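Have a look at the structure below before the remarks.
The values are calculated or read from the model by the stated rules, or taken from the named source; none is laboratory data. Keep in mind that what you see is a predicted model, and the values were worked out from it rather than measured. Note that we place each Cβ from the backbone using ideal geometry, even for glycine, and neighbour counts take in every protein chain shown.
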Amino acid sequence: MVKSRAFLFFILLVAAVALFLTNVFPYATIGVLLIPVAFVLGVISYRSYLTWVGGFFGEEAVIEALGSLDDSYGILNGLVVPPNRGDTDHIVIGPNGFFVLESKNYGGRISCDGDVWRKTRLKRGVVHELEVGSPSNQVKRNAKVLKDFLLIHRDEIFPGPAPHIWVHGILVFTHPDAEVELMNPTVDIVELDDLCDFIRSAKSEFTLTREAVDAAGRVLLKYAR
């Protein structure tokens, strides 16, 4: 999406300038009208690019942290689990269950009241409130999608009766300047430095064998994008 917007911005800008330089009516007039449209699209593309870059570095930080887990855990990053259209940042499969992780590289003050989230930033002495959606709802939605996927493909993962599957949803804030205030959170919210210890200590009603861990990873890679 970011690349598409940037490409469209570039094409519009080139077309607008070319039409304007013809100095022939009505093409020059069309070029003049297209220039501000290209400018607006360029601003949107730039903001989307900054958001994408921030998210990328946040995900990379989580991938690096997850490297501390031992070989009994499998880690999959950036998979689109059907029927989702967007990707799940990280999926961890281990002897103590399944985990869905969403990383947010937000800086500034972030507050949570249940599933209602707000982000504020102080700029030139003025407090600005920024839209962040609901990261906790995103985590829960992706956890449910993964659970449903595992249930559909349980015969490919478990040689015998499948256990009661539960997917742990975890939200990780990776920005060093994030100040997170929590009230009645509906998902587990973990600092990056504590992530692996949290995963290792998570309780589960069942223990996944190494064969089941490997099978779940293969099935996800087979059907997910």
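Observations on the structure shown:
- Neighbours by Cβ (under 7 Å, 6+ apart or cross-chain): first from the range 170-194, at pLDDT below 95; second basic (Lys, Arg) and assigned to a loop (DSSP other than H, G, I, E, B): none
- Every condition in (1) over 24 Å from LYS222 (Cα atoms); (2) buried (at least 19 other Cβ atoms within 10 Å of the Cβ); (3) among the aromatic types (Phe, Trp, Tyr) holds for PHE99 except the one numbered (1).
- Of the residues making up the range 139-153, those that are under 13 Å from the mean Cα position of the chain (by Cα) and either over 18 Å from PRO82 (Cα atoms) or surrounded by 21 or more Cβ atoms within 10 Å (Cβ to Cβ) (or both) are VAL139, ASN142, ALA143.
- Selection of the range 114-131 for residues being loosely packed, with under 11 Cβ neighbours inside 10 Å and outside any strand (DSSP E or B) yields ARG124, GLY125, GLU131.
- Residue count for the range 197-213 under the criterion of being closer than 17 Å to LEU66 by Cβ and acidic (Asp, Glu): the result is 1.
- Listed by position, the strands (runs of 3 or more DSSP E) contained in the range 54-113 that have at least 2 residues being within 19 Å of ALA215 (Cβ to Cβ) and in contact (Cβ under 8 Å) with a residue 40 or more places away in the chain are 74-79, 88-94, 97-104.
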